Amino acid sequence: MSTAGFNSQNGTGTGQTYANGPSQNPVALQQLPGVNYGMTHQPPYNPMQTKAPIPPGPGLYPSGPYQPAPPVSAYQPGPPPTSYPAPPGQTLLTRPPMGGLPSHTPPQSASPSPGPRVPPAQATPPPPPVSSSGYYQNPQQPQPMAPAWQYNTAPPMMGPPTSMNAPPRGPVANHVNPAPSSTAPLPPPLSSAAYSSAPPAHVGHGALQPPGPSMPPTSAHGYTQQGTVPPPMNPMAPHTYQPSRAPYGPPPTGPPPTMKPTPPPTGPPMASATPPPPKADGSVAGNGPQAPNSYNHVDNKMAGQPQPGPPGRHLGHYPSLPPGYQNTSAPHNATSPMHPAMQAATQPYTQAPQPYQQPPGGPGPAQLSPSLAAMSLQSSTPEALRVVNLLQERNLLPPSPIPAPTPCLPQDLQKINCHPEVFRSTLTSIPQTQSLLNKAKMPLGLLLHPFKDLSQLPVVTSSTIVRCRSCRTYINPFVSFLDQRRWKCNLCYRVNDVPEEFMYNPVSRSYGEPHKRPEVQNATIEFIAPSEYMLRPPQPAVYLFILDVSHNAVETGYLNVFCQSLLENINSLPGDSRTKVGFITFDSTIHFYNLQEGLSQPQMLIVSDIEDIFLPTPDSLLVNLNECKELVQDLLKSLPSLFEKTMETQSALGSALQAAFKLLSPTGGRMTVFQTQLPNLGVGALQSREDPNQRASAKDIQHLSPATDFYKKLALDCSGQQVAVDLFLLSTQYCDLASLGCISRYSAGSIYYYPSYHHQHNPAQVECFQKDLKRYLTRKIGFEAVMRIRCTKGLSIHTFHGNFFVRSTDLLSLPNVNPDAGFAVQMSIEDNLDDMQVVSFQAALLYTSSKGERRIRVHTLCLPVVNSLSDIFAGADVQAITGLLACMAVDRSVTASLSDARDAMTNAAIDSLASYRQSVLTIQQPGLLSPACLRLFPLFILALLKQKAFRTGTSTRLDDRVFAMCQLKYQPLAYSMLMIHPALYRIDDLTDEGALNINERTIPQPRLLQLSVEKLSREAAFLMDAGTVMYLWIGRNCNPNFLTQVLGVPNYAAVPDNLYLLPELDTAESQRTRAFIGWLRDQRPFFPSLQVIRDESQRKISFMQNMIEDRTESALSYYEFLLHVQQQISK
């Protein structure tokens, strides 16, 4: 295996390093020799010379006397925000280290020198050793040597912030500059700077001053007082934009009403909206080398020309979902009946278009109130900042769903903001400066679920898609209309003309109301793109299935399930009259199937030369589904019997994938691979790397990175030809998912894993596979997609998490995009945001629908800017922070070590609570103090430490661990949070009190319980929802009524050992229980299996391992972990 970096870009040979997952703004594109070609690119792990070797020990939670250990994390401190991140020659194309500028040692520390946090001797079990590292450098303190994560590396600043003057008084107000209330006096302006309407000469990275929203008086914590919000303006006429109706077309023909001509634009000439022509090598000016079939210069119509200034308009992506913890008013649809841990995630998308509020001659920006940060304390502390002593308040877990934190914005802005199920930030109040963010010691990032299934999605057809001519931002609800003919971009503040066509409003069918267009009324919208957004005609839906038919595969019985499922759903595959399908099977040879129209039956063609694979009949292996459906159905009916007596044990997966790539390259499409064993023949062959004796090791886990770069290279070739690879791993033995998973990760595919799959011995897995496969075959799909995230000037995006390939520093290549994929990005603050009241983020996803339409889905999120630590803490979203930290920890585990990742997660809780105690609390009190919004943060960190991906000292199969890491990286937040912290309910006493009524079904709503054995009772039954699996635990003395009325058994002894289905009994108790479990399952796209576990069952250990608050042989209890955190803070 070569350790050199893989430097050819899909055959172009231009020497640009491939980047995926984490990637950083390329200041220097050179690659250091010897960069390992692993799952993610990382700067080399360089322990500092002053660091002592790590003494051997039993692991993170030693059972002996607590030994002062040097910090495990040894990433070098990052540069200060005002310097360039690296000298010439140091690779920066890859993502920055998760380590970074260390924090100062707390003042109480006895020694300022770097070293481990060492707790005093104590009677309780010793806590984990943690490095003294924090995240950031404190200029007043000596700099420790061993940092934990540096969340928010500030890219270099290019000169001082530029001040931008706003337009003259009297513009038309909209969501971003509403008219002031007559009852709420405006505070004095923040600055007395003069205002002018000249747009900036170019889009740099200075902090420009936009006309911000008129903010009501709030507390210093950024929370609006009751009674101070301006009353609603006169709403527009009740035209409702109906997403279900046909897309709005162009305006009617004929002359429009007489209108004044468009005034000439002021300022310098505007840049052309046309991107620069491609260079000879296929690249675009300012971008790196491109794949021959790349859509990059098409997306330059999405992205615009590269702008001067430091690189860094990175595109990211990610999920967004469940509840945060703040007792402010819930979002407008937070009351939807949802799973407590997933409420925001899957509720119907009910964001209705909001009326445009146009005041009669509103004030100009000079009269607008200053930013939230300048507001003084006028009310009591908000609930989010209520001080909680974690050591004294035992029952912190909320009994019912809590919505995601609501950004502190004016009501009209908040009502129209992007929903947290789609777009969510770890901090709902953005700090003004990077130094302020560093001081808070919390990560700044976005979680995105861009292609989520939405019940309401406005779709617009227009020959003109209105975008900023400078930064190419799509017009959105947070732009400012200076008048009917001009609008100001909310990302770069350029003044743009309103096109003539945009003057027509398809909602009211009238002219002259551009501010009422659907694009300006909806934070999530989809455009049907005109021809300039295409490089080639939209590709058809193409599906190729690659099936393992070795003896091992036939033994599992999966082939019968697959063929039957595809037969049942073949008419539901997304597509149109052009849809194509094909099949390849493999063992030690590769089998193709000629399905050409006119044949009486499918024809098998066998290629035994796997070293030099070729296509026997290239034109008849992928066929039109509508024309050849009968042949396809015949093949599916005969496949299982065709190989049922095979004795072939070898698996040439690599050659089968090469053949499939050759077949799909001309069109692009989706490759679906079913594999049941370790590939052991031909290219891509692997050897077992797992030592079963090390599964419960308390030391570092080996072999989390791939054994070969074959699968990653092939995935990148697939990505260049618009091919995504989805992997179904159905295995009873080790398959090296760390290596095989690269084929999906870098091609934007999905991974499904069914350990111990067998059609007879594991019926629960069979049911799970059937349900997942149906969803997979029938769900929506987007082909040849690219995605970019833009943000307001002064912010930059530097690291991405998810399944994709970073094509040109900030353009994510997604050959397929599916509605179940989530993404995350990390961000930093390049320039001070002093003059800004709000900042915006916009994600644009360009894709081809299965019907052959080129579409653009745009999400825009607006958040306030604050200048105090208390405001930052008040807006913290604890679940989003946990989700982003989990992604960062996966990367750290692969590139450094598992113990490094564990230490960094522990430090995350220590550092944020230490910052809160030192910088926010005015009265120091004893105990472990937290703001209410972060009260669950230590619990979630402990849950991560005990999660299958990161736990030590507990027997965990290597493939199971790697799959858990994959899920944390690409699942939307709602689903990953259930895997991190499962939900526990008592269900033997369900009642209709407080129940939901959905579609004439009554859904009981039991309260959430803490994950501790003390909450269990042998007289009861409990349901644990762990995301991908549900456990129904039956106590030994369980209520006999529950056993007979729900399980259909006379007594406890009669409960079968392998029960995975609840009988459908005609009793009220049975109906309630099945309704509740069915409702939980409906909240997610995948199908969680149900395991009924008796008190003495062997499978009870799986249930008990999720009791996060209890102590185990290898991990602390929740209370012990809190004591450890307190000791580190108070040192």
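The values are calculated or read from the model by the stated rules, or taken from the named source; none is laboratory data. Small disclaimer: the values here were computed from a predicted structure and weren't measured. Cβ atoms come from the backbone with ideal geometry, glycine included; neighbour counts cover every protein chain shown. Protein only, heavy atoms only, side chains kept; ligands, DNA and RNA dropped before computing areas. Shrake-Rupley method; radii C 1.70, N 1.55, O 1.52, S 1.80 Å.
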**Fill in**
Residue hits (the range 756-793; within 24 Å of the chain's Cα centre (by Cα) and of a type in the set (Ser, Thr, Tyr)) are Tyr776, Thr778, Thr792
**Message:** Condition check: in contact (Cβ under 8 Å) with a residue 60 or more places away in the chain and either surrounded by fewer than 20 Cβ atoms within 10 Å (Cβ to Cβ) or at positive phi (or both). Does Asp576 satisfy that?
**Reply:** yes
**Asked** Going through the range 808-831 one residue at a time, which ones are among the small types (Gly, Ala, Ser) and open to solvent by 10 Å² or more (accessible area, probe 1.4 Å)?
**Response** Ala821
**Prompt:** Which condition breaks for Val460 when tested against (1) over 19 Å from His515 (Cβ atoms); (2) open to solvent by less than 10 Å² (accessible area, probe 1.4 Å); (3) aliphatic (A, V, I, L, M)?
**Reply:** (1)
**Hits in the range 498-508 (condition: within 35 Å of the chain's Cα centre (by Cα) and either in a strand (DSSP E or B) or aliphatic (A, V, I, L, M) (or both))** = Val498, Asn505, Val507
**Prompt:** Can you find even one residue in the range 1069-1083 that is farther than 25 Å from Gln770 by Cα, modelled with pLDDT of 90 or more and either hydrophobic (A, V, I, L, M, F, W, C) or open to solvent by less than 30 Å² (accessible area, probe 1.4 Å) (or both)?
**Reply:** no
**Request:** Would you mind listing the strands (runs of 3 or more DSSP E) fully within the range 1019-1131 where at least 1 residues are more than 30 Å from Ile998 (Cβ to Cβ)?
**Result:** 1089-1094
**Asked** Based on what the data block shows, is Asp609 open to solvent by 10 Å² or more (accessible area, probe 1.4 Å) and either within 37 Å of the chain's Cα centre (by Cα) or at positive phi (or both)?
**Response** no
**Message:** Any residue in the range 854-873 that is touching a residue at least 24 places away in the same chain (Cβ under 8 Å) and farther than 18 Å from Arg467 by Cβ sitting within a Cβ distance under 7 Å of a residue that is of a type in the set (Lys, Arg) and buried (at least 24 other Cβ atoms within 10 Å of the Cβ)? List the pairs, counting only those 6 or more apart or interchain.
**Reply:** none
**Asked** Restricting attention to the range 615-648, which residues are assigned to a loop (DSSP other than H, G, I, E, B), open to solvent by 40 Å² or more (accessible area, probe 1.4 Å) and polar (S, T, N, Q)?
**Response** Thr617, Asn626
**Prompt:** Can Tyr985 be described as more than 30 Å from Ser739 (Cβ to Cβ), in contact with a Phe, Trp or Tyr (Cβ under 8 Å, 6 or more places away or on another chain) and of a type in the set (Phe, Trp, Tyr)?
**Reply:** yes
**Complete:** When the range 746-769 is checked residue by residue, the ones that are farther than 29 Å from Val806 by Cα, of a type in the set (S, T, N, Q) and in contact with a Ser or Thr (Cβ under 6 Å, 6 or more places away or on another chain) are Ser756, Asn762
**Request:** For residues that are touching a Pro at 6+ places or on another chain (Cβ under 7 Å) and buried (at least 22 other Cβ atoms within 10 Å of the Cβ), tally how many sit in the range 984-1010.
**Result:** 1
**Item:** Filter result (open to solvent by 20 Å² or more (accessible area, probe 1.4 Å) and either of a type in the set (Val, Ile, Thr) or within 27 Å of Gln967 (Cα to Cα) (or both)) within the range 1011-1028
**Value:** Val1013, Thr1028
**Prompt:** Applying the selection to the range 588-600, what residues are in contact with an Asp or Glu (Cβ under 7 Å, 6 or more places away or on another chain) and either modelled with pLDDT under 95 or open to solvent by less than 10 Å² (accessible area, probe 1.4 Å) (or both)?
**Reply:** Glu597
**Message:** Cβ-Cβ under 8 Å, sequence separation 6+ or interchain: first residue in the range 1046-1058 and touching a residue at least 60 places away in the same chain (Cβ under 8 Å), partner open to solvent by less than 50 Å² (accessible area, probe 1.4 Å). Which pairs?
**Reply:** Asn1058/Pro763; Asn1058/Ala764
**Request:** For residues that are among the aromatic types (Phe, Trp, Tyr) and at pLDDT 95 or above, scanning just the range 715-755, find the one that is farthest from the chain's Cα centre (by Cα).
**Result:** Tyr754
**Request:** Report, by residue number, each residue of the range 516-546 that is modelled with pLDDT of 95 or more and either open to solvent by 10 Å² or more (accessible area, probe 1.4 Å) or more than 30 Å from the chain's Cα centre (by Cα) (or both).
**Result:** Ile528, Pro540
**Prompt:** Under the condition of being closer than 23 Å to His761 by Cα and among the aliphatic types (A, V, I, L, M), which residue from the range 1042-1068 is surrounded by the most Cβ atoms within 10 Å (Cβ to Cβ)?
**Reply:** Leu1047
**Request:** State whether the residues of the range 870-878 include one that is open to solvent by less than 10 Å² (accessible area, probe 1.4 Å), touching a strand residue (DSSP E or B) at 6+ places or on another chain (Cβ under 7 Å), closer than 23 Å to Leu1122 by Cβ and in a strand (DSSP E or B).
**Result:** yes
**Request:** Determine whether the range 415-428 contains at least one residue that is within 27 Å of Arg855 (Cβ to Cβ), of a type in the set (D, E, K, R) and not in a loop (DSSP other than H, G, I, E, B).
**Result:** yes
**Prompt:** Among the strands (runs of 3 or more DSSP E) confined wholly to the range 429-487, which include 1 or more residues that are small (Gly, Ala, Ser) and in contact with a Leu (Cβ under 6 Å, 6 or more places away or on another chain)?
**Reply:** 445-448
**Prompt:** On the given criteria, is Thr922 out of contact with any helix residue (DSSP H, G or I) (no Cβ under 6 Å at 6 or more places or on another chain) and modelled with pLDDT under 95?
**Reply:** yes
**Asked** Quick check: anything in the range 778-797 open to solvent by less than 10 Å² (accessible area, probe 1.4 Å), of a type in the set (S, T, N, Q) and either within 28 Å of Thr860 (Cβ to Cβ) or in contact (Cβ under 8 Å) with a residue 24 or more places away in the chain (or both)?
**Response** yes
**Prompt:** Looking at Ser655, Ser638, which one is closer than 30 Å to Leu716 by Cα and either out of contact with any Ser or Thr (no Cβ under 8 Å at 6 or more places or on another chain) or at pLDDT 95 or above (or both)?
**Reply:** Ser655
**Item:** Matching residues in the range 771-821 - criterion: being of a type in the set (Asp, Glu) and not in a helix (DSSP H, G or I)
**Value:** Glu784, Asp810, Asp820
**Message:** Looking at the range 832-840, can you tell me whether even one residue there is more than 30 Å from Lys580 (Cα to Cα), open to solvent by less than 10 Å² (accessible area, probe 1.4 Å) and assigned to a strand (DSSP E or B)?
**Reply:** yes
**Prompt:** Applying the selection to the range 378-413, what residues are crowded, with 20+ Cβ neighbours inside 10 Å and polar (S, T, N, Q)?
**Reply:** Thr406
